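The values are calculated or read from the model by the stated rules, or taken from the named source; none is laboratory data. Quick caveat, the model's predicted, so the values are computed rather than measured. Quick reminder, even Gly has a Cβ in these numbers, built from the backbone with ideal geometry, and neighbours come from all protein chains shown. Heads up: the accessible areas ignore ligands, DNA and RNA and are worked out on the full protein's heavy atoms, side chains in. Shrake-Rupley method; radii C 1.70, N 1.55, O 1.52, S 1.80 Å.
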Amino acid sequence: PRRDDLKAEDTFCCMTWRPQYRSSKFRHVFGKPATKENCYDGVPITRSVHDNHLCAANPRFIAVITECAGGGAFLVLSISHTGKVDPHHPRVSGHRGNVLDVKWNPFNDFCIASCSEDATVKVWEIPKHGVLKNITVPWKELQGHSRRVGLIEWHPTANNVLFSTGYDYQVMVWNLDAPEQVIKNPVRSISVHPDMVLSMSFNMDGSRLATSCKDKKIRIFDPRTGALLQEANCKSHKASKVLYLGNLKMLLSTGNSRWNHRQIALWDQEDLSQPLLQEDLDGSSGVLFPFYDPDTHMLYVAGKGDGNIRYYEISSEKPYIHFLTEYRSHLPQKGMGIMPKRGLDVYSCEVFRFYRLVTIKSLIEPLSMIVPRRSESYQEDIYPMTAGCEPAMSAAEWMSGMDKGQSHFLTSLCRCRSAVTNGRDVMLCSPPKTENELRQVFYKQQEEIRRLREMLSQREVRIKQLELEIKNVKNSQSSH
């Protein structure tokens with residue numbers, strides 16, 4: 001054979017056998033559990049077997065469903081109230097049956113919804129300084145379900161629009177801007193499911209609602225009209241939880257294969273006839289909770305009763321899912337809440353935070369997912385624009401047919417680094433050169449002001465709680 005033929009063949013072999021490496025800034029993300037003093041200890045976590053998160057967090061408060069005799073209750077703690085929790089800490093306790101789900105309003109850190117076995121949904125206003133005495137009267141009470149209500153979700157872009165579903169198989173849409181305190185009629189009732197709805201998930205602008213049901217099928221609806229747009233009927237995947245994957249135009253579901261292995265499946269949101277991909281994980285029995293971060297395109301999968309959390313990177317092209325690694329712990333989680341992006345610690349390169357409910361220790365354990373970086377300055381490349389805390393429209397605008405995407409802002413608006421000079425903090429940053437840079441600096445300053453106000457508010461809450469605890473101790477001593 002001629003020399004150039006051999007040369008071409010050699011080149012072809014090299015091209016064929018060269019290993020393919022994926023470049024990713026999230027390849028080395030690791031889980032960092034909080035120290036004991038930064039956990040919430042002595043929390044009487046509910047013994048409910050309901051497959052929900054049982055916990056919800058925002059930058060000010062963490063809420064967790066608790067075990068209690070007679071009626072249902074949940075605990076609301078200030079985020080900074082770590083350490084041992086007073087067993088007599090006041091609770092939100094207006095339900096007549098066990099509380100099954102709690103969700104914070106995405107646009108109001110002082111508003112939380114709960115649903116219960118008493119067939120009601122209640123919406124509560126939490127005082128600025130936290131729960132210093134039992135709260136029993138809700139801001140709104142929603143009475144429409146005929147059986148217990150197991151799941152609630154806030155609309156992601158419209159203000160004061162809440163979805164609920166229960167053991168009557170109905171999905172109900174509520175407008176909380178209605179003037180009455182007790183709302184008896186939902187604005188829409190979706191009656192398509194033949195069994196209990198196990199999960200609900202909205203797309204980015206809230207124009208589509210995906211559900212998984214006890215009949216193991218995934219459905220996509222128009223949430224405003226209740227029209228069924230698509231239904232998956234895949235024999236090889238029995239879905240239990242479903243999740244929209246941000247703006248990737250895909251859905252992810254967790255469930256079981258026909259051989260009862262735990263499994264994740266990826267779907268094209270425009271075609272649910274067959275999954276794009278199915279991947280078996282293991283033979284355990286606990287339900288898998290999926291969590292997706294649209295900013296980093298990272299997917300986290302946590303099993304109920306497991307101690308581990310697997311995480312992946314999702315791309316819009318084949319093979320779609322790239323396994324990164326898993327966080328392992330010997331302490332099993334019963335449920336978990338997640339912190340919105342605006343509540344993360346950007347200076348430690350934290351990209352996600354879980355609040356793991358560890359029932360065997362009566363513990364809520366914060367778990368930070370960290371991107372390892374040597375520099376202590378703000379890392380702009382891992383914090384793109386993220387969903388803001390302002391609604392894109394009112395409930396009335398959404399009801400009238402409007403769809404709007406989420407408002408976005410920079411995760412941290414404080415890239416400038418402080419240096420102490422002559423006893424004062426001086427911001428080391430060059431002046432903005434363009435109008436766009438000036439606008440970003442303005443937003444950063446506004447966010448820094450908000451952050452400082454929040455920090456001050458949390459300190460005030462902690463002071464009030466300590467005063468209350470001192471008072472309780474004094475009262476118990478005087479009674480003896």
Tell me, please, whether a residue that is open to solvent by less than 10 Å² (accessible area, probe 1.4 Å) and assigned to a loop (DSSP other than H, G, I, E, B) can be found in region 81-88. yes
What is the number of the single condition among (1) surrounded by fewer than 20 Cβ atoms within 10 Å (Cβ to Cβ); (2) more than 21 Å from the chain's Cα centre (by Cα); (3) not aromatic (Phe, Trp, Tyr) that residue 272 does not meet? (1)
Could you tell me how many of the residues in region 341-386 are open to solvent by less than 40 Å² (accessible area, probe 1.4 Å) and within 30 Å of residue 161 (Cα to Cα)? 15
Set 253, 285: member being at negative phi, open to solvent by 40 Å² or more (accessible area, probe 1.4 Å), among the hydroxyl-bearing types (Ser, Thr, Tyr) and within 25 Å of the chain's Cα centre (by Cα): 285
Look through 189, 146 and report the one residue that is of a type in the set (S, T, N, Q) and assigned to a loop (DSSP other than H, G, I, E, B). 146
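Starting from residues that are crowded, with 19+ Cβ neighbours inside 10 Å and at pLDDT 95 or above, keep the ones in region 120-130 and report whichever is farthest from residue 57 (Cα to Cα).
If we take residues in region 120-130 being crowded, with 19+ Cβ neighbours inside 10 Å and at pLDDT 95 or above, then 120 is farthest from residue 57 (Cα to Cα).
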Region 23-70 - residue that is part of a loop (DSSP other than H, G, I, E, B), without any contact (Cβ under 8 Å) to a residue 40 or more places away in the chain and not acidic (Asp, Glu) and, of those, nearest to residue 286 (Cα to Cα): 49
